[in-house]
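Asker: One structure is given below, represented as structure tokens, and several questions about it will come after.
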Amino acid sequence: MGKISFRLYLIAAFLTIVVFSSGILFGWVLDSNRVTNVQSQIDDLAINFQNLDLENSIYQTFGNGTFVCSIYLSKAESLSKQTDQLAEELNNFKQINQFQLSKLDFFKKRYTVMNLQFWLQLVNLKKNCDYNSTTILYFYTTKPCDECVAQGIVLDTLKRKSPEKLMIFAIDSDLDLGVVTLLKAKYNVTKIPTLVINEKNKIEGVASQATLKEYL
């Protein structure tokens, strides 16, 4: 009787290990698929931005400014949607991914660099073309920050209401990137959250919908 009980115990222990190991393996596979998906979206967005830069160079060399404006204006909205989708994927990656969170910092840096390249392109659009969308640099932190959460909700609500009129560029102020340090110094960002609207108007703390609507 004792031998049978011991044998059943070993079988139960073995099955428990198998189920536990299978769960870990399944989770690792899911995480790997998420990493591949995010990497694919980042690569696709990078190609689109590089292509846009190349088109700009070609038309500045051989074409005319009016044609360049038409190309940029037609692509600004679609690129904005693509960057927003990638931002959502990165947020989901942080919430769901269990085994490969170390890749999140690398992904965020690539995304931030590309997103700010897009912001700079829109700044040039406003200078050289008939483009009047509002651009907002949103400096936040991933550390506990109730004001950042509140500001994010306000910005998301306005973005859904006016996707063509409002371009939001979220910047993790703690990210170890030279361009982040440069922009914080340029706009004297000393408090989080901070918004920089249309490259000149700075708002520290939480800005309400009513306040931000004045700039749309």
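Here's the yes/no breakdown for (1) aliphatic (A, V, I, L, M); (2) over 19 Å from residue 49 (Cβ atoms):
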position	(1), (2)
131	no, no
138	no, yes
157	no, yes
191	no, yes
197	yes, yes
202	no, yes
211	no, yes
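Asker: Got at least one residue in region 199-212 being under 26 Å from residue 110 (Cα atoms) and free of Cβ contacts under 8 Å to residues at least 60 places away in the same chain?
Answerer: yes
Asker: When you scan region 115-216 for helices (runs of 4 or more DSSP H) that lie fully inside it, which ones turn up with 1 or more residues that are among the charged types (D, E, K, R) and closer than 26 Å to residue 47 by Cβ?
Answerer: In region 115-216, 146-161 are the helices (runs of 4 or more DSSP H) which contain 1 or more residues that are among the charged types (D, E, K, R) and closer than 26 Å to residue 47 by Cβ.
Asker: Quick check, is residue 149 more than 16 Å from residue 207 (Cβ to Cβ) and surrounded by 12 or more Cβ atoms within 10 Å (Cβ to Cβ)?
Answerer: It is false that residue 149 is more than 16 Å from residue 207 (Cβ to Cβ) and surrounded by 12 or more Cβ atoms within 10 Å (Cβ to Cβ).
Asker: Quick check on region 121-146: of everything there that is touching a Lys or Arg at 6+ places or on another chain (Cβ under 8 Å) and more than 17 Å from residue 174 (Cβ to Cβ), which residue is surrounded by the most Cβ atoms within 10 Å (Cβ to Cβ)?
Answerer: Among them, the one singled out is 135.
Asker: Let me ask another. Taking the conditions exactly as written (within 23 Å of residue 78 (Cβ to Cβ), under 21 Å from the mean Cα position of the chain (by Cα) and modelled with pLDDT of 90 or more), does residue 157 satisfy them or not?
Answerer: yes
Asker: Same structure again: Residue 167 is checked against (1) crowded, with 17+ Cβ neighbours inside 10 Å; (2) over 20 Å from residue 212 (Cα atoms) and fails just one. What number does that condition carry?
Answerer: (2)
The values are calculated or read from the model by the stated rules, or taken from the named source; none is laboratory data. Computed from a prediction, not measured in an experiment: that's the story for all the values here. Note that each Cβ is placed from the backbone with ideal geometry, even for glycine, and that neighbours are counted across all protein chains shown.
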